[in-house]
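Below is one structure; the comments refer to it alone.
Read-outs throughout are calculated quantities, based only on the coordinates presented, and are distinct from any laboratory measurement. Since this is a predicted model, take the numbers as computed values, not measurements. Cβ coordinates were reconstructed from backbone atoms using ideal geometry, including for glycine residues, and neighbour counts include every protein chain displayed.
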Amino acid sequence: MRKISLSNLDGLFAKIAEKSKLYIPVDDNKGFAAFKLWAEGVKMSNALNTVRSAKDFFFPQMENLMEFKTEGKNIEIIDIREEKEDFVVFGVRACDVKSFEILDRVFLSEPVDSYYASRREKGVIVSLACGKPAETCFCSAFGIDPATPAGDITAWKTETDLYLKANTEKGEKLLSQVEGLTEDCDDKAVEEQKKAITEIVKKLPLQNLPLDKFGKGKTKEYFDSPEWDELSSHCLGCGTCTFVCPTCQCYDVKDFNTGREVKRFRCWDSCMYSDFTLMAHGNSRVSQKERFRQRFMHKLVYYPDNNDGLFSCVGCGRCLSKCPISMNIVKVMKTLGGKENV
């Protein structure tokens, strides 16, 4: 394990940025945190989490996939992909790190999504333990430990120092790059912080969700539940929950004719939208109830059915804090699981 004084954090960032683009959480002018490219003078946010997750680095909200040129019956396909640069994402919380495992099962399964795979290969994740988890956090309900997040490097921040531990070959390579700025140390301070975080987590209100009521083989039990009527009745279909979610992976592909060539783009989409999966004959889910049900059944039943019981939620709490009508996966779980709403 290595450590560096927080007073020299800018020096650490500058050293990393010599060889790779470095992104850190930064506060905007409204006090919300987002990952931004580090440059001299840019300060890291102390916010618990960013408004949008680190998913954007591997599955961006919009990307150009390819271009076409047509002449008569001839079609020329133009591969516009470029070699991706190495980059480091610093300060990723445990919930978001876990989300990469969920996304990997989607985009790295055959046929592999080469755009996503390239970014995963080039990216290095430096996670950061959650010193003070919030009441909207429930990652531990899904077996995620906010005191010991995964990633290529795990970091812990105390009042005076930053502690770093490499977990992968990528992480070891990055730590060797900054070895001259850091010093070897024991893990006493880290272990104390882990214990403190664990005690906070035990007191959080959303840790005992009825997960045993969901998962593989539950489609028949919940698909026609009458509770969906009330749960979905106030949903606006705005898609906010899907856009802040670190595990949602729905997208649309559209072609735009510029007059010179056709550009094909991929952009995020939402199962909450009325035109999602729209086909020539119409939409297969015609009501907001059906769309609402699809989102939460996928998180709690469909994805676990196809992925060895792994849930497609990491308990980050973003949907709890951002939904304009305060409808979220916790309320769905407690209602369907037979417990009172929150």
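Going by how many other beta carbons lie within 10 Å of each one, how would you line up Ser127, Ser232, Ser118, Ser274, fewest first?
On the way: Ser127 28, Ser232 20, Ser118 15, Ser274 12.
The fewest-first ordering by Cβ neighbours comes to Ser274, Ser118, Ser232, Ser127.
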Original post:
So what is log10(I(q)/I(0)) for the chain at q = 0.08 1/Å, when the Debye sum runs over its Cα atoms only?
Top reply: -0.44
**OP:** List every residue whose amide H lies under 5 Å from the amide H of Asp161, counting only residues 5 or more places away in sequence or on a different chain, with H placed 1.01 Å from N in the peptide plane.
**Re:** Leu6
Subject >> Within the chain, percent of DSSP bridges classed antiparallel, to nearest 5 >> reply: 75 percent
Original post:
Which one of Lys195, Lys216, Lys299 has the biggest mean-square fluctuation once the chain is modelled by GNM with Cα springs under 10 Å?
Top reply: Lys195
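How large is the helix-only mean residue ellipticity at 222 nm for the chain, computed as the sum of -39500 (n - 2.57) over DSSP H runs with n ≥ 4, divided by its residue count, in deg cm²/dmol to the nearest 500? Intermediate results must be reported in sequence, preceding the final value.
Numbers: 12 runs with 100 residues, N = 342.
Only helices count here, giving -8000 deg cm²/dmol.
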Subject >> Loop GluC sites (Glu not before Pro), region 2-83 (other Cβ atoms within 10 Å of the site Cβ: 11 or fewer; DSSP) >> reply: Glu18, Glu40, Glu82, Glu83
Original post:
If you put +1 on each Lys and Arg Cβ and -1 on each Asp and Glu Cβ, how big is the dipole of the chain around its Cα centre, in Debye rounded to 20?
Top reply: 820 debye
Original post:
Each residue of region 299-311 in turn: what ³J(HN,Hα) in whole Hz from Karplus with 6.51, -1.76, 1.60 and θ = phi - 60°, glycine and Pro shown as x?
Top reply: 4, 9, 10, 5, 4, x, 4, 9, 9, 6, x, 6, 6
Original post:
Which Cα, out of Gln177, Ser270, Ser127, lies furthest along the positive dipole direction of the chain (beta carbon charges, K/R +1, D/E -1)?
Top reply: Ser270
**OP:** Please list the non-local residues whose amide H lies under 5 Å from the amide H of Met66, H modeled 1.01 Å from N, same-chain partners needing a gap of 5 or more.
**Re:** Arg264
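So what is the relative contact order of the chain, in percent, for Cα pairs below 8 Å that sit 6 or more residues apart? Working shown, then result.
Values: 581 pairs, mean separation 69.7, N = 342.
Computed value for the chain: 20 percent relative contact order.
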Subject >> Filtered GluC sites (Glu not before Pro), region 146-193: DSSP coil and at most 16 other beta carbons within 10 Å >> reply: Glu159
**OP:** State the extension gain, in nm to one decimal, for the chain segment bounded by Glu101 and Ala39, taking 0.36 nm per residue of separation less the distance between their alpha-carbons.
**Re:** 19.4 nm
**OP:** Mind jotting down the distance between the C-alpha centroids of region 155-228 and region 253-332, whole Å?
**Re:** 26 Å
Original post:
Which whole-Hz couplings ³J(HN,Hα) result when phi for each residue of region 3-10 is put into the Karplus expression 6.51 cos²θ - 1.76 cosθ + 1.60, θ = phi - 60°, listed in order with x for Gly and Pro?
Top reply: 9, 8, 5, 4, 5, 10, 4, 4
Original post:
Can you pull the semi-axes for region 73-149, root of five times each eigenvalue of the Cα gyration tensor, sorted largest first, whole Å?
Top reply: 34, 15, 9
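How big is the dipole moment of region 99-165 about its Cα centre under a simple scheme where the beta carbon of each Lys and Arg is +1, that of each Asp and Glu is -1, and everything else is neutral? Debye, nearest 20, please.
Details: 7 positive and 10 negative charges, 24 e Å.
The dipole of region 99-165 has a size of about 120 debye.
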Original post:
In sequence order, what are the phi-derived ³J(HN,Hα) couplings for region 217-226 according to the Karplus relation 6.51 cos²θ - 1.76 cosθ + 1.60 with θ = phi - 60°, rounded to whole Hz, with x for glycine and proline?
Top reply: x, 9, 4, 4, 5, 10, 4, 9, 4, x
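DSSP loop trypsin sites (Lys or Arg not before Pro) in region 1-68 with at most 15 other Cβ atoms within 10 Å of their Cβ, which ones? Working shown, then result.
Numbers: sites: Arg2, Lys3, Lys15, Lys19, Lys21, Lys30, Lys36, Lys43, Arg52, Lys55; in loops: Lys19, Lys30, Lys43, Arg52.
Sites meeting the loop and neighbour criteria: Lys19, Lys30, Lys43.
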**OP:** Name the residues whose placed amide hydrogens come within less than 5 Å of the amide hydrogen of Val88, ignoring near sequence neighbours (fewer than 5 apart) on the same chain.
**Re:** Lys21, Leu22, Tyr23, Val124
Original post:
Along the three principal axes, how long is region 82-216 when you take its alpha carbons, biggest first, rounded to the nearest angstrom?
Top reply: 47, 46, 18
